[in-house]
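The values are calculated or read from the model by the stated rules, or taken from the named source; none is laboratory data. Keep in mind it's a predicted model, so treat the numbers as computed, not measured. Cβ sites come from the backbone with ideal geometry, for glycine too, and all protein chains shown count toward neighbours. Just the protein is used for accessible areas: all its heavy atoms, side chains included, with ligands, DNA and RNA removed. Shrake-Rupley method; radii C 1.70, N 1.55, O 1.52, S 1.80 Å.
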Amino acid sequence: MYFKNESGRFAELLKKLDGKRVAVLGHVRPDGDCIGAQLALCRILRARGADAVCVNHHAVPYNLKGFVRDTPFFREEEFENDGRVAVAVDCGSLSRLGKSLLEKAFPQGVFASIDHHESNERYATEENIVVTDAAATCHILAGFCADLGVEIDAPLAEALYVGICTDTGNFQYPRTTGEVMELAARLVRAGASPAAISHELYEQEKFSKLALLQRYLATATLLADGKVAVAWIPKDAFAATGTTREDAENFVNYLRNVAGVKIACQLEQSHTGVKGSIRVSDDALRADLLAAKLNGGGHVRAAGFNLDGADVDRDRGRIVAVLLEHLREREAAA
């Protein structure tokens, strides 16, 4: 079995959800693993006869919309809770689900959570299934399906493959193990098309996104003898290029891929403050611990933060100082 203990807990969770109306929630600014896990769990529940839907604070990104297919998927403003219990996937904290969504629709809290983030706060009231050494939340769900004999049709296989593919960097990151590849092969045999999925994920960019990337890369700065790279989205860039914050997702990887860079950080102004994305070159640098110093969290190599009330121009130096001090601390501890 892939996840012996956790698969049993998942089976019990499915029984607890039988007969309930369920809303499957994902985190703000959803990525492929978030959307894939939402779709997958929703389809698993609906196949058991449950009335399940997906709900997100933000819209499904344009390159992931094709994978939704016939799964009911609502944005926050389209959704009114009519007695549904909330199950969260791929989300490490309540705040990442969206404060307004929780206050409006789920003041009673979240019933269950399935996740792989090291910083998960075990916030669900009934069941927290957290596997921190998994490559993706869809890796966990794919393992559960294999362990429990859940029938996987083509749309379910596709959703699970999308999540695994995106959270492993298209099968390039260190957690791309033999087990992950075995599960991916199962999904391909069940109907997921690697070629078609990769085309949708990586080969359908908008030209306006290139203009945004140009403005972003123009701010790129190397510090600490090239070990730290920082870049930010200029405040007028989205309006000037006709893009949205969704288009800037994963720009930080351009910095991470520079030779010699150990810590990469992307900054942008949000409506509440400064949002940051962090990537590090190896586990010892602990992106999750770095993000925690800036009111965030995440994975060992990839994390994020939100500094409420901060300004990307005014406070950039303070944020950079935290990055540099963290590098010194981790290098001294090595």
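Numbers for the structure displayed
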read-out	value
Longest site-free stretch - the chain; sites: GluC sites (Glu not before Pro), DSSP loop, at most 13 other Cβ within 10 Å	206-334
For the range 63-79, Karplus couplings with θ = phi - 60° (6.51, -1.76, 1.60), whole Hz, Gly/Pro x	7, 10, 4, x, 8, 5, 6, 9, 6, x, 9, 10, 7, 3, 5, 8, 10
Cα centroid of the range 1-50 to Cα centroid of the range 136-196, whole Å	15 Å
Rg over Rh [alpha-carbon atoms, Kirkwood Rh] for the chain	0.96
For Asp90, distant residues with modelled amide H under 5 Å away	Ile114, Asp115, His116
Computed accessible area, Arg175, all protein chains, 1.4 angstrom probe, square angstrom	90 Å²
For the range 288-303 versus the range 222-253, the gap between their alpha-carbon centres in whole angstrom	18 Å
Amide proton proximity set for Lys235, modelled H, under 5 Å, gap of 5+	none
3J(HN,Hα) from dihedral phi, the range 95-100, Karplus parametrisation 6.51/-1.76/1.60, rounded to Hz, x for glycine, proline	4, 6, 7, x, 4, 5
Highest-fluctuation residue, Leu323, Leu148, Leu290 considered, GNM on the chain with Cα pairs under 10 Å	Leu148
Those trypsin sites (Lys or Arg not before Pro) in the range 251-334 that DSSP places in a loop and that have at most 14 other beta carbons within 10 Å	Lys293, Arg314
Farthest toward positive dipole pole in the chain [+1 Lys/Arg, -1 Asp/Glu at C-beta], among Asn81, Leu64, Ala11	Leu64
Built amide H within the under 5 Å cut-off of Cys54, gap 5+	Val24, Phe73, Phe74
Probe 1.4 Å, protein heavy atoms only - accessible area per residue of the chain in square angstrom	43 Å²
Estimated vicinal HN-Hα couplings, Hz - the range 285-295 in sequence order (Karplus 6.51, -1.76, 1.60; Gly, Pro = x)	7, 6, 4, 5, 6, 5, 4, 4, 5, 10, 6
